[in-house]
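Input: a single structure, listed below in structure tokens.
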Amino acid sequence: MINIALPKGRLGERVYDLFEKAGFECSDMRDRGRKLIFENEDKGVRYFWVKPSDVPVYVERGVADLGIAGKDILLERKPEVYELLDLKLGNCRMCVAAMEDFYDDGEKTLRVATEFKNIASAYYRKQGRDIDIIKLHGSVELAPILGLSDVIVDIVETGTTLVENNLVITEEILPISARLISNKANFKFKTAEIKRIISLIKEQVEEGDK
Ligand code: PRP
């Protein structure tokens, strides 16, 4: 049995579509109510629906052999897992954004509000820029509006959230997408099964690229 941690939400649904098309369907998955665990014994898969940011925890600790996590979470947390495949889903960008009229004179310490403390720190460290990190857990767009920070470092997908809050992208840090990850020890014990899943999923990812 291969245990797979799926991120709850829109991305998870699309990831499950991929697994279903690859032949790892599970009955009742579509109309699942509040149930969190699903299993298809014949196909040898068991799915858990977990909070997206918790996926690396389940995988790192080995209760899930495989999981799907955003590159943002992987870069931020640096979990001890293997990154096996770019699923090319949930594509977005990690960006710096500010109020339209913000002027950065480059001399002052920059106040940066973000959920991604490590990504933001590493980015500004490379530039030799002094920053004051303000760690938030959501709605970071509020910070520059209320004067809590000068800029934000956050994920931009469609750009709607920024536009609706009069913020603009000032720098792009890196592209983000969903990645298939595995527990390191479990990969050794279940290499054949995991490799088979990777190759079938890869076919579906390439099909989606066409
Ligand atoms: C993310 C991100 C932005 C928004 C960007 O938030 O933090 O707020 O999506 O998407 P857009 O460019 O398509 O508008 P999410 O909805 O994941 O919630 P969060 O604020 O709790 O992180």
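The values are calculated or read from the model by the stated rules, or taken from the named source; none is laboratory data. Only a predicted model underlies this, so the values are computations on that prediction, with no experimental measurement involved. Every residue, glycine as well, gets a Cβ built from its backbone with ideal geometry; the counts of neighbours run over all protein chains shown. The accessibility values were calculated without ligands, DNA or RNA, using every heavy atom of the protein model including side chains. Shrake-Rupley method; radii C 1.70, N 1.55, O 1.52, S 1.80 Å.
Numerical summary
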item: Residue, nearest to G12 (Cα to Cα), within segment 138-147, restricted to residues that are near the ligand (Cβ under 8 Å from one of its atoms) and not hydrophobic (A, V, I, L, M, F, W, C); result: G138
item: Residue under evaluation I198, criteria (1) in contact with a strand residue (DSSP E or B) (Cβ under 8 Å, 6 or more places away or on another chain); (2) under 22 Å from F24 (Cα atoms); (3) free of Cβ contacts under 8 Å to residues at least 12 places away in the same chain, criterion not met; result: (3)
item: Residues being surrounded by fewer than 19 Cβ atoms within 10 Å (Cβ to Cβ) and more than 23 Å from K71 (Cβ to Cβ) - total across segment 135-153; result: 5
item: Selection within segment 159-171 - within 22 Å of the chain's Cα centre (by Cα), within 13 Å of the ligand (Cβ to nearest atom) and open to solvent by 50 Å² or more (accessible area, probe 1.4 Å); result: T160, T161, I169
item: Criterion violated by D150 - all others in (1) at pLDDT 95 or above; (2) away from the ligand (no atom under 16 Å from the Cβ); (3) closer than 22 Å to E83 by Cα satisfied; result: (3)
item: Residue match in segment 101-108 (condition: open to solvent by 30 Å² or more (accessible area, probe 1.4 Å), over 22 Å from the mean Cα position of the chain (by Cα) and within 25 Å of G9 (Cα to Cα)); result: no
item: Enumerated helices (runs of 4 or more DSSP H) restricted to segment 92-210, each holding at least 3 residues that are among the charged types (D, E, K, R); result: 117-127, 191-209
item: Condition check for V156: open to solvent by 80 Å² or more (accessible area, probe 1.4 Å), near the ligand (Cβ under 9 Å from one of its atoms) and either farther than 25 Å from E107 by Cβ or out of contact with any Leu (no Cβ under 7 Å at 6 or more places or on another chain) (or both); result: no
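Condition check ((1) more than 20 Å from A5 (Cα to Cα); (2) among the aromatic types (F, W, Y); (3) at pLDDT below 95) across all residues:
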site: Y124; (1), (2), (3): yes, yes, no
site: T160; (1), (2), (3): yes, no, no
site: I181; (1), (2), (3): no, no, no
site: E206; (1), (2), (3): yes, no, yes
